[in-house]
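Every number in this text was worked out from the coordinates using simple rules, so none of it is lab data. Source: prediction; values computed, not measured. Here the Cβ is made from the backbone with ideal geometry for all residues, glycine too, and neighbour counts use every protein chain on show.
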Amino acid sequence: MTPSDKTVLDLDRLRARLKAGQGPMYWKSLEEVAETPEFQAFVDDELSAVRTPDWLDPANRRTFMKLMGASIGLAGLTACTKQPKETIVPYVRQPEEFVPGKPLFYATAMTMGGFGTGLLIESHLGRPTKVEGNPDHPNSLGASDYFHQASVLQLYDPDRSQAVLNRGRISSWIAFQAAMMQERERANLNKGAGVRILTETVVSPTLGAQIKEFLQQLPAAKWHQWDAAGRHGAFAGAQGAFGRPVNPIYQLEQADVIVSLDADFLSCGPGNLRYAQHFANRRRALTNVAQKERSKQDIQEGYQAGPDAPLRNQAASHSEEDTSPSPSLEQAKAAGVPVEQVTLNRLYVVESAPSPTGGMADHRFPMKASEVEGFAWALAAALGVGGQSGTAHKAIPAIAKDLKANAGKCVVIAGDYQPAAVHALAHAMNQSLGAVGKTVVYTEPIDANPVDQIASIKELVGDLNAGKVDTLVMFGGNPVYSAPVDFDFKSALQKAKWRAHLSLYNDETSEFCHWHVPQAHYLESWSDTRAQDGTVTFVQPLIEPLYAGRSAHEIFSALAGQSGKSPHDTVREYWQTQRKDADFEIFWQTSLHDGIVPNTAAAIVNVTAKAPAAPTQNPGQGMEIVLRPDPTVWDGSFSNNGWLQECPKPQTKTTWDNAVWISPATAQQHGVATGDELEVKYQGRMVTGAAWILPGHANDSLTVHFGYGRTRGGRLCDEIGFNAYQLRTSAAPGGGGGVEIRKSGGTHYFASTQHTQTMESREPVRIATLEEFKKTPDFATEKEPDRPVPKYMTLYPDYKYEGYKWGMAIDLNTCVGCSACTIACQAENNIAVVGKAEVGKGRQMQWIRVDRYFKGNIDEPELYYQPVPCMHCENAPCELVCPVAATIHSGEGINQMVYNRCVGTRYCSNNCPYKVRRFNFLSYTDWDTQSYYPLRNPDVTVRSRGVMEKCTYCIQRINAAKIESEKANRRIADGEVVPACAQACPTQAITFGDINDPKSKVAQLKAQVRNYSLLEELNTRPRTTYLARLRNPNPELGGVTA
Amino acid sequence: MTVQELEELEKPAIDPGPDHIVGAGFTNATVTDKIANVALRPLKSTPLLWFAGIAIAFMMMQALLIGSAWLFYRGVGAWGVMIPVAWGFAIVNFVWWIGIGHAGTLISAILLLLKQDWRTSINRFAEAMTLFAVAQAGMFPILHLGRPWLFYWLMPYPNSMWLWPQPRSPLIWDVFAVSTYATVSLLFWYVGLVPDLASMRDRATKLWQKRAYGLFALGWRGSTKHWTRYQMAYLLLGGLATPLVVSVHTVVSFDFAISIMPGWHTTIFPPYFVAGAIYSGFAMVLTLAIPTRKLFHLEDIITMRHLECMAKVMLGTGLIVAYGYLMEAFMAWYSGQFYERFMYLNRATGPYGWSYLMLIGCNIAIPQLLWLRSVRLNVPILFVLSLVINVGMWLERFVIVITSLHRDWLPSSWGEYHPTQVDWMIFVGTIGFFLTLMFLFIRILPAISIFEMREVLHHLRHRNEPHPQPSPSHGD
């Protein structure tokens, strides 16, 4: 209402009215007396009191908007973090190489489990988005695993601790420093007698030096280390065999025969990426048998068995009349080796639960973890080492013979969780087989201070309980959750008078500390680390700490009285003291650029192993339990990582859960079905977890994994799974015998991505033993009565790919099933996480899945892994049925998905025989959490609800390479385009390239005789093909193969 | 019309038996009265069961509203669909409703051209049912889209993107087939209604009724000129609609047959889908006609003869469907194709084996009772059988869509589909919507074609066919 609408009051009339006593006796306003329409309306409107009177007033609305705008703007200003102080100037001139829209790569390293892996981080305008392996780094060789891939999600995790907390209340770094310095002053009085430091395994030379300096200043203080997933058995084994800690490094490229004693060296543990790659190199060295030349008649008829489609098409594109084999076929043939000369390395694996390493084994013997020692004794005895006969096993004579025949080209590897005796025996066997110096070398340990960590934390708990600890500072780790349960770390911790915890998350341990300091992620802070062979890498940050995180370096600097000294300066100064002679700036810049510090590998030591005297372990008759870090969330440090939670565990393909793994026979014996809740009782402690029947698991044995049953530490990890640490004692950190199970009556629902375990007589994975291969080299494409190879038939002429013709070959012979490709793809392509409920409904979004099949009997099956991305079929069934042309074929043969055009009929998915298409059934992408915005790859569309998506062969990378090549007016070189899956793959099982180029690696792989197409009988003519798996069983163990 | 006359019209009627297509003693006037009275009678003389029926149907319809509102809000994941079963209840229901919608056109068009006079009593009714069933079916393709607001991208329209639909996709053919069918069905139904709407206009006593019927009667005066042109137009529309009976479900079957999935990729699908559609359509006509004729005392207009004819059509089409099932099994074996054989065995014995067994029971085994005349003439059994066949035909679509998809080529991607609450709500809701429309139709419009009934009486008189003599109670 504008003022002009108001009735003008006739004051004279009002006076008269009041005088005459006609108006109200008591009146509130002149309007009331006048009984104006406005007043009447006001009285009539019951809701006037609750209505904002000026809501419709344009002038006030504007003011309101202005005020809001200003306050939001000002609030934004105050929220700005302090700008970094180090050399930063506005771009007066744009820095060289810095082009907006183009990523830059920086070398750094991620430390995990006591060793660092060199990485190259892709950074878009200062935002790290993707992790790649550093090819120059000895632990990576260009590959990475899913922990590395998912670490970038951890960086942006909104649940990470964001503020310094004092007794649960938000405080500040300054206040923490003041409190800490007070403790420091007090400690000075008694030389630090009550001061304890607890770290995880420290491999950073700088941090090691800082801690040692601190201990020099306070000689009575003590430094303890506890890494829940540490290699306690390996440490004790080396100690036992050599009397000192050493660091074994295996040279698997030199090994023809490998015996793994419960060692999953291909998928976890130090050097796994390097080992996987070397193992694969050896395995594939001499297998490139080219296809036989097809007969002329076959080609005239258009006979096509899928595999040589690319070559044939290419021949056709040169000249349609020319039916002779194309030159490329000849070349490919020439490149191959005669089939008689094909050799393979051989892997024997003895283990309790199937692992990716077990999947690669030519002979896999499931046995209880406690029986491995007996096996090792027997094997050692057969090799003339050790004084005990051990437990006889039918395979031992043949294995021993094989080892002896390959002396110097063989190696025995003991698993990290096996007791010291097994390690000592393995060392002794390697020595007697002449492997030392060839397939295994020993170096000085790379840890800053190698200790027996169980003894270390035991001492700490003892001191805590004795009241000797005044001040306890914990750097990383989560000991309340992960320390051996018999130590009752939680109550011991609370006896320390002043407790501080530096960690990424406000977790179970932080809850019981006076101070919690958010830790800087490795992508946020300077440090250094060492590879398994000792090579140092500088950890350089890619971004300022998102949540004001601090690194251990900063805390030690503050303790050393150098408060405010940046970790950058700390690391740099440390290395200046190490490299006095060199031109330091050049050294520093070169090392940062390359991601490795040259000549820092640990020194090789000459040691002589001595075999242990007597068995240390007697396998009991009853049920035993094996405790291991989880395949995907590790010791719990990745519990809040959606990518890793949703990454199907390589063995079970379950997500978002841990389970009690049990063998089919034992399950039958106890009447247990998958999903039954089991009460697992071990040494008087009990946890309740659901059973998962796993073929190939050892009988009378259970395997459970750490990392679940968290109670604090993020929104994703709470309340899922059960806490296996509740069963882990200091005496038996890897588990042991005397376990009882009882069904609790409840059932648990597992969200698995693969329900059918077997190939159902379809042979998506084609397998032959080496002998069969030599007999029938084309076994993979052989015609069988039930699988008629179709004639290549179409009414239309083939499309001629004049330019590039992209294709992929996946070598099943080297794929270890580690699933790094799945997570690398998720990181590269902004793939959403859907959660357990949706995975349970079959709605997971990962573009490349790793299928796992069992073959043979259920007790000792063979395991096969098969990564399945989009096949990019030449005759793509999906393209035909899309009503809106949202999925179409590109001129380079890529089956493209146009998200913007998709209306979501899902017909394409129905018609896809490979079921590689993924649909956004709901709005899976998190559009609201701001901290995820910078995570996303700006080159890939973020998909919204209701659209189909799938593998694109990383088309953004193809296009980036194309732009570069077109600038230089050349073709894209082979190997210039590497999709994320291939890049991460530790065994280089995935090869991508242009099949129009006969010299390309992928074309040559496709010309191999082992090459076959999945479901080739459908005549979809996939661009993604597979190289069949070869196995190399020992002929002497014919009847004993597992 | 006197009160006595009105009461007379609402008295229980006597079914003249299976040899007569109309009861005794009808004249042009009485047949008009009788049919028009169903719609024109005062509200208070509407059978109570009608109120109960529409109340239940209307409540069921709310499930559709709530279910689809949630679906639009939450996304298509509210359905139970997943990978590998990316089509679920939406497509099952779509095909089922479209199938039901086939009886109308068949009766109207093909039987018209074949001069089957028994069609007259049920054609209007069946056409309305067709229209309402197609309306239900038409909702599903949109409800099932991932981005339903973009459904119009399936239509060819000039746009700034210069993009047309992809003509090789059977879904595009579907758009044309179903929309053509819906349009022609609507026209056919409406054109057929015009003379009757004029009769209603003339008989209505209330002004608003006169106006409403008059508006839609398009000024029909019943002049000879009108009738001449009308007959020609109706016949032409019948000719136009005839191929649609075959084409729509053929095209719908292409949705499956064009794909490469075992269990879908079958050449027998088109004829067997059409037969199945007519089968289910007639079953639905029976399901609706039997209670209606009872409720509104129309036994002398929808006689046993009609019911028996429909039962015979069901038996015939049911046998074609049975042949289809048999051929699927035979071809699975005869092709020697591993995947086809597996698909068939899995269909019968896999996790959804129950649905296949029920399907065989409902669609093949039980309907064989129709061979018996006594069954065909037993109204309660016919009613139950029609329900059984409706269920069976729904199961057929369930079996085709779900069991073919859930275990296809690579065992690693096998999975199981479980319908959600939303799946059921929307399904039940469409039944409610359909029934609501049917109830309203019966009460508002002449459910039986008045002028065609008059024509039938006329023909009967002219041909001197055995026609019951007018009884004294019916006068002109």
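Straight-line cross-link reach from A:K774 at under 16 Å between alpha-carbon atoms covers these aspartates and glutamates, not counting any fewer than eight positions away in the same chain: A:E340, A:E782. Annotation: amide H-H contacts under 5 Å for A:F722 (H modelled 1.01 Å from N, sequence separation of 5 or more, or interchain): A:N658, A:G709.
Across the stretch A:216-274, the convex hull enclosing all Cα atoms gives 151 Å³ per residue.
Between amide H atoms placed 1.01 Å from N, distances below 5 Å from A:R1031 occur with A:A768, A:T769, A:L770, all of them 5 or more places distant or on a separate chain. Rounded to the nearest whole Hz, the Karplus-based 3J(HN,Hα) values (6.51 cos²θ - 1.76 cosθ + 1.60, θ = phi - 60°) of the stretch B:93-108 follow the sequence 5, 4, 5, 5, 5, 4, x, 4, x, 8, 4, x, 5, 4, 5, 5, with x at glycine and proline.
So what does the Cα-only Debye profile of the stretch A:157-202 read at q = 0.15, 0.22, 0.29 Å⁻¹, as log10 I(q)/I(0), no solvent term? Taken in order of the listed q values, log10 I(q)/I(0) reads -0.58, -0.93, -0.99.
Kindly give the semi-axes, whole Å and largest first, of the ellipsoid equivalent to the stretch A:171-243, taking each as the square root of 5 times a Cα gyration tensor eigenvalue.
Sorted largest first and rounded, they come to 30, 15, 11 Å.
Annotation: amide H-H contacts under 5 Å for A:I413 (H modelled 1.01 Å from N, sequence separation of 5 or more, or interchain): A:V259, A:S260, A:L261.
Reported to the nearest whole Å, the Cα centre-to-centre distance from the stretch B:402-435 to the stretch A:489-558 is 50.
Note that the stretch A:700-708 has calculated 3J(HN,Hα) couplings of 6, 8, 10, 10, 10, 10, 6, x, 10 Hz, one per residue in order, obtained from phi through the Karplus relation 6.51 cos²θ - 1.76 cosθ + 1.60 (θ = phi - 60°); glycine and proline are x.
The distance between label points at B:L114 and A:E97 comes to 8.2 nm (points 7 Å beyond Cα on the Cα→Cβ vector).
Coupling constants for the stretch A:802-817 follow from the phi torsions by the Karplus curve (6.51 cos²θ - 1.76 cosθ + 1.60, θ = phi - 60°), and in residue order they are 7, x, 8, 9, 7, x, 9, 10, 10, 8, 5, 6, 10, 5, 9, x Hz; glycine and proline get x.
Between the stretch A:390-434 and the stretch B:260-294, the C-alpha centres lie 70 angstrom from each other. Which of the three applies to the stretch A:891-954, rounded, prolate or oblate, going by the alpha-carbon gyration tensor with a ≥ b ≥ c and a/c under 1.5 meaning rounded? It comes out oblate by the Cα gyration axes.
Over all orientations, the stretch A:346-434 has a Cα convex hull whose mean projected area works out to 5.1 square nanometres.
Take every residue in peptide A:871-879, count the Cβ atoms of other chains within 10 Å of its Cβ, and give the average of those counts. Write down the numbers at each step before the final one.
Working: counts 0, 0, 0, 0, 1, 0, 4, 0, 3.
Mean number of neighbouring Cβ atoms from other chains: 1.
Positive contributions from Lys and Arg (+1) and negative ones from Asp and Glu (-1), summed over other residues with Cβ under 10 Å from the Cβ of A:K468, come out at +1.
Taking the alpha carbon gyration tensor of the protein assembly as shown, multiplying each eigenvalue by 5 and rooting it gives semi-axes of 70, 46, 31 Å, largest first. Hey, which of these cross-link pairs are over 23 Å Cα-Cα: B:K44/B:K206; A:K490/A:K743; A:K800/A:K999? Violating the 23 Å Cα-Cα cut-off are A:K490/A:K743. Considering only A:P764, A:Y725, A:F750, and ranking their Cα positions along the charge dipole of the stretch A:663-816 that arises from unit charges at the beta-carbon of Lys, Arg, Asp and Glu, the one farthest toward the positive end is A:Y725.
In a reduced charge model with +1 at each Lys and Arg Cβ and -1 at each Asp and Glu Cβ, the protein assembly as shown shows a dipole moment near 1700 debye about its Cα centre. Of interest is the spacing of the C-alpha centroids, which for the stretch B:151-215 and the stretch A:685-726 amounts to 61 Å. Reported value for the stretch A:528-615: 195 Å³ per residue, from the convex hull of its C-alpha atoms. Diffusion coefficient of the stretch A:812-856 by Stokes-Einstein, Kirkwood radius over Cα pairs, 4 °C, 1.567 mPa s: 108 µm²/s.
Indicate the gyration tensor shape class of the stretch A:413-565 (rounded, prolate or oblate), computed on the Cα atoms with a ≥ b ≥ c the square roots of the eigenvalues: a/c under 1.5 is rounded; otherwise a/b larger than b/c is prolate and the rest oblate. Note, shape of the stretch A:413-565 comes out oblate. Multiplying each eigenvalue of the alpha-carbon gyration tensor of the stretch A:653-778 by 5 and taking the square root yields semi-axes of 33, 18, 16 Å, largest first, rounded to whole angstroms. Fully extending the segment from A:D488 to A:W27 would add 158.2 nm, taking 0.36 nm per residue of separation and subtracting the current Cα-Cα distance.
Which pairs break 29 Å Cα to Cα here: A:K102/A:K805; A:K130/A:K368; A:K222/A:K580; A:K841/A:K1006; A:K468/A:K565; B:K115/B:K225?
A:K130/A:K368; A:K222/A:K580; A:K841/A:K1006; A:K468/A:K565
Its alpha carbons considered, the stretch B:286-374 gives a radius of gyration followed by a Dmax of 18.2, 57 Å. With the cut-off at under 19 Å, measuring from each backbone N in the stretch A:692-711 to a point 7 Å along the Cα-to-Cβ line of A:N857 picks out A:694-701. For B:F51, neighbours were defined as the other residues whose beta-carbon sits under 13 Å from its Cβ, and their charges (Lys and Arg +1, Asp and Glu -1) total +2. Considering only beta bridges that DSSP places wholly inside the protein assembly as shown, some 60 percent are antiparallel.
Based on DSSP loop calls and a cut-off of at most 14 other Cβ atoms within 10 Å, the longest stretch of chain A free of exposed GluC sites (Glu not before Pro) is what?
Longest gap between qualifying sites, sites excluded: A:322-718.
Does the stretch A:464-508 classify as rounded, prolate or oblate by the C-alpha gyration tensor (a ≥ b ≥ c root eigenvalues; a/c under 1.5 gives rounded; else a/b over b/c gives prolate, otherwise oblate)? Oblate is the answer for the stretch A:464-508, as a/c is 1.5 or above yet b/c matches or exceeds a/b.
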